[in-house]
Structures are given as structure tokens and as C-alpha cells.
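Here's the structure, in C-alpha cells; my notes come after.
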Amino acid sequence: MQKTVLFIIAGVLTLSSVKAQINWGDYSHSYPDKLQEHPSVLGLILAIRKENNSFWQIRDKSNHFHTLAKDSSFRRFRPKEILARTTFDTACAHFFLHGVGPQNAHLYQFRVMEYPSKRIQVPWHGITRFTDSTLIHSSGLPKMAYLGGYKTSLGKMLIIDVRRVDVNQIVATSLIAWESIKPEITSIYTSETMDKFLQRLQSPWMPYDQSVGHFSPVLTVPATNTNLIFSLQNGTFTKKQIQYELIRNGRVYTPWRYNAYDNSFVWIKDYPPGRYTMRIRYSVQPQHIAQYRFEIAPLWYETNWFRLLAGMLVAALVGLLFLLIRQRLKTQQEQFNKTKVQLELKAIYAQLNPHFVFNALSSIQGLINKQDIKGANSYLSDFARLMRQSLQQSQKDEIALYEEIQILDRYLKLEQLRFGFRYTIQVDSTINVYETSVPILLLQPLVENAVKHGVALLGEKGSINLTINRSNNTMIVSVTDNGNGFKEDKATSGLGLKLTRDRINLLNKLHSESQITLAIRNAVSSGTQIILTFNQWF
């Protein structure tokens, strides 16, 4: 049973020894110069990963080093030469003891202590592990003791001591401090200062104008600027050592990514206008982030005032378009209504012509019945001329007042042959009958009404007076007869008068600015007076 246990222990130690070895070429090594003098020279070798090399230029010393250098109790029991280095990541630092092999390892022990807490990570311990043939070959060093890999948290330090057991004396000491590191933006270059940046890049050792590195807390560059370069503190970094993130207008625009160059600057190009925050960190310590805010001004057509102006212009155009469409629809509706009224007027006028013809033929029939062949022939001749004149004017909506008066005069002459009444037509001298227009045959039914219902039974005693006067811009047409006076039933039942009222209503819809009114009342002495008023006619 005891052999089995020992075998297992031996296996564990062997496995531990295999795992203890490192890839020598991936590490940076620190040791006293005298180690190279002879394989038996005693000294500690510290190995940390190469990614940390560049950060030494920023912070190569720890405050703990200075504190211990002044501590006499610490220095009293340790050798004069103490190996001290800083590291910046969470990886382990590995320790080798040169000059100690399997043949003399029993003479030495080592201890690992944390500082400043002085907590013991590894108490005094014997040396049991050594470098294997692979590491010996890659390092070019003889077989030596491997003390292990150790680490602590940022801001603390490990003290590795090696003592000789037989004399109880510390013969070698190494200090390794884990320090915080945060990027520091020292200069910002734009497209305007690109030549300064290129000069600095080409000759970093030469002095340069410090004002180039001066920048405001918030930088604003025009939209035409296509380059922004954020230069960090001295150091030569690989792409994977620097990471950056861009926040635009409060949102992640470019998520964390490795730098594009193996150098100490972050170069961004051709970014759209907006408010940005550049965030830069070392990948070895991602919790420490440097930030800088800058703004890329928008182009003139991307500014708020232009958007406002464009919005107002679009709103105005939309409003104008809406008004134009509305006006067009209104015009179309008005044109439709006008066309409808005109068609209705033509329909009424078409009814007036048969009415007029019917009354005229009735008059001719009356003359024939009286055996007045001469009168009938004369009436028929004048009627033919009147009909021809009416047909010639039938395609017009309005005719000159002079022509309307001629039609009325001819009509009254025809009716005078039949009934023998007297009539007069008087026109105000201030009215130009040739330039003043009236709706065709609008007055004829009124005159006809005076004949049929006013003077037809009076014979030669009958009298009809047609007067056309002017009052400012209003034309007043009066038809007065000396018949039996106004009777409501006759005034409203006649077809000619009804058609005239309908025409007036339609004409008023068509010409709202020039209204026509019709009034029928008893004459002063006897008979009936029909007054037709043309408002704002001149």
C-alpha cells in the first residue's frame, strides 16, 4: 500500500514538473549580469510575458521599490543587488534559480511573500522542480531550479527570497510589482496638422512644437476634416495591446476593437458628423479607460437650421400644393356650376322662344279672324323679321341694349297693329346703349305681360311706357301700363313672367357681383309697373 501511495505522489510531482515549464521565447527575462560568467553563479531569473515590455517605458518603477529601499530592516538581511521589475497584466511571473541543480538543491529554500500586507503566499519551501531538456535547449542555460509562477492583485508586490539552509542567510531576492496602467492621450492631430504628425512619426527623437499636443477638453472639427489621430504617451505597442471604442450621439458606433497600427496612436478616418466619445484602453488592463470627447460638425445641409428651413419650405410647398389643389377643385366646381347655370339658362331661353312664337301666332290668328288680311300680312312680315333677328342672337347670352330695344320696338309695333295701344321707349342719355349689354330677351316677357294683361282690352286707350334710367352704377328698367292694375294671380301664373324670374335667379348665381331684382307693383294712377333693377351694372 505504501508503494502505491509513493508512486502516485511521484506521478503528481512529475506532472507538476511538466506543467511548470514555460515557452522560453514568449517571455522577457531579467537577471543579474554575473549569471553569464559561470553556470554555478547563484542568481534569480524573473520571466514575464513579452506583452509587458512596452509598458516599462511608461512606468518602470513601483512606489513599493522606493519604500523598501529606505527600509533598513528589509535591506539588512538581504544582498545588495535585488532584482526588481514591474508587470501590468494578470499573468503569473515565473522564477528560476540559476546555479542550483538537483545536486545542491537541498542546500536552499525559497519563500513568496505579498507586500505591503506581508501575507505569506508560499512559506519557506524546499526546491523540488528543475528545468527540463526542452527549456534548457531553448534558453541556452544549464539545468536549474524552477521555483514556480506567482501573481497578486494590482497595486501589490511579491517578494521572493532564497536562503541557504545551512547558514540561514538570504542569498537572493527578487521584487515583482503589479502596477495599474491607463492610456494617456498626449496629442491630437487633425487633417490640418497632419504634417506635424508625420514629422513626429518619422523622427520621434527630435524635439517638436509642444503646442501641437495642446488641445481643448472638447475638440470640434469641421465635416471636411477626414483624419483624427490620438497620440498616446511614449511607448511602442502592438496592435493587440491597444483597444478603442467610439460612442456617437450616446450610442456605440464602433465597438471595442484592436488598434489598426503597431504604434502608440489611434488613427480614425472619415467618420460622419456627430458628438463622439473616444474610449481607449490597454488590453492588458481593460478596466482602466481613457476618454476624450470631440465633435465633428455637420455639413451645411446637415445642420439643424437647414433642416428647419427645409422643413418649413416643404411645409410651405405642401401647403401651397394643398391650396392649389383646393383652388383647382373650387374652380372646377365653380366652372361646373357655371356650366350648369348656363345650360339651365339656355333651357329657359329655349322655352321662351316657343312661348313667344305661340303668342305671336295667336295675334296673327286674331287678325285673320277679324278679316284684317292686310294687317295679318304686315304682322306676319314683321314677325318673320323678328324671328330671324331672334335666331341670329340665339347663340348669345347677352346682346347690346340697343339691339334689345330694337327687338322690343318691333314686338310692340306688331302688337300695336292688333290692339291699337300707344307705347313709348325712353332711354337715359347717360347710358351708352351700344356698349351696355343685357341678357337677351330678358325684357321682352315683361313688355309682353304689359300687353296681354294690361292694355289688350283698352284698344287705343291703352298705353305702355318703357323707361331705362341710370342711378350711379345701377340701371333701372321700368315697364308701366294703364291697365287694371296688379293682380297677384296673373302676376304669378303667367309662363313668361315665371321663366323670367327663373332666369334672373340663375343669372344672379352666375354673376354674384351684379345682382338683378324684379319688382311688380301698382302704378301711381292706374295700371301696373314692373321694375327691373340691374345693380352694379356699369
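The values are calculated or read from the model by the stated rules, or taken from the named source; none is laboratory data. Bear in mind the structure is a predicted one, so any value in this text is a computation, not a measurement. Note that we place each Cβ from the backbone using ideal geometry, even for glycine, and neighbour counts take in every protein chain shown. The protein model used for the area step is the full one, side chains on, heavy atoms only, and it has no ligands, DNA or RNA in it. Shrake-Rupley method; radii C 1.70, N 1.55, O 1.52, S 1.80 Å.
Bridge orientation summary for the chain: considering DSSP beta bridges with both residues in this region, about 85 percent are antiparallel.
Close amide H contacts of TRP537 (hydrogens built in the peptide plane, cut-off under 5 Å, sequence separation of 5 or more or a different chain): THR474, MET475. Selection among ILE325, MET157, GLN199 by position relative to the dipole of the chain gives MET157 as farthest towards the positive end (Cβ unit charges, Cα centre). A simple rule links phi to the HN-Hα coupling: the Karplus curve 6.51 cos²θ - 1.76 cosθ + 1.60 with θ = phi - 60°, which for the stretch 471-477 gives 10, 6, 9, 10, 9, 10, 10 Hz, with x for Gly and Pro. Using the Karplus relation 6.51 cos²θ - 1.76 cosθ + 1.60 with θ = phi - 60°, the per-residue 3J(HN,Hα) values for the stretch 133-142 come to 5, 5, 5, 4, 5, 6, 8, x, 10, x Hz, with x marking Gly and Pro. For the chain, the residue among VAL314, SER512, THR67 whose Cα projects farthest onto the positive side of the dipole built from Cβ charges is THR67. Think of the chain as having a plus end and a minus end, set by charges on the Cβ of Lys, Arg, Asp and Glu; of PRO116, PRO39, ALA400, PRO39 sits farthest toward the positive end of this dipole.
The residues neighbouring ARG410, those whose beta-carbon lies less than 13 Å from its own, together hold a net charge of -3 under the Lys/Arg +1, Asp/Glu -1 convention.
Using θ = phi - 60° in the Karplus curve 6.51 cos²θ - 1.76 cosθ + 1.60, the 3J(HN,Hα) couplings for the stretch 408-422 round to 5, 4, 5, 5, 5, 5, 5, 6, 5, 4, 7, 9, x, 6, 9 Hz; x is entered for Gly and Pro. Excluding ligands, DNA and RNA, the accessible surface per residue across the stretch 40-88 is 55 Å² with a 1.4 Å probe. The C-alpha atoms of the chain define a longest principal axis, and helix 304-369 lies at about 20 degrees to it.
Just the accessible area per residue of the stretch 140-260, please: how many Å² with a 1.4 Å probe? Don't jump to the answer; show the numbers that get you there.
On the way: 6200 Å² over 121 residues.
Result: 51 Å² of accessible area for each residue.
Counting only protein heavy atoms and a probe of 1.4 Å, the accessible surface of the chain is 54% carbon and sulfur.
Annotation: aspartates and glutamates with alpha-carbon distance below 18 angstrom to LYS413 (same-chain offsets under eight excluded): ASP372, ASP382, GLU403, GLU404, GLU448, GLU460, ASP481. For the peptides 306-318, 429-441, residues were scored by their other Cβ atoms within 10 Å and the scores averaged per peptide; the highest-first order is 429-441, 306-318. Here the calculated FRET efficiency for PHE538 and GLN335, from their Cβ-Cβ distance with R0 = 30 Å, stands at 0.65, rounded to the nearest 0.05.
Counting only heavy atoms of the protein chains, get the accessible area per residue of the stretch 415-538 (1.4 Å probe) and round it to a whole Å² value. Accessible surface, normalised per residue, equals 48 Å². Note on ASP428/HIS511: beta-carbon distance plugged into 1/(1 + (r/R0)^6) with R0 of 30 Å gives a FRET efficiency of 0.85. What size of dipole, in debye to the nearest 20, comes out for the stretch 409-538 about its Cα centre when the only charges are +1 on Lys and Arg C-beta atoms and -1 on Asp and Glu C-beta atoms? The calculated dipole for the stretch 409-538 is roughly 260 debye.
State the label only: which of [x] 177, 68, 38; [y] 68, 56, 40; [z] 96, 80, 52 corresponds to Cα extents along the principal axes in Å computed from the shown model? Of the listed options [x] 177, 68, 38; [y] 68, 56, 40; [z] 96, 80, 52, [x] comes from this structure. In this structure the amide hydrogen of ILE440, modeled in the peptide plane, comes within under 5 Å of the amide hydrogens of GLU398, ILE399, none closer than 5 places in sequence on its chain.
With +1 on each Lys and Arg Cβ and -1 on each Asp and Glu Cβ, how big is the dipole of the chain about its Cα centre, in debye rounded to the nearest 20?
2100 debye
Considering only Cα-Cα distances, which of the following residue pairs are longer than 19 Å: LYS396/LYS452; LYS61/LYS143; LYS156/LYS182? Those over the limit are LYS396/LYS452; LYS61/LYS143.
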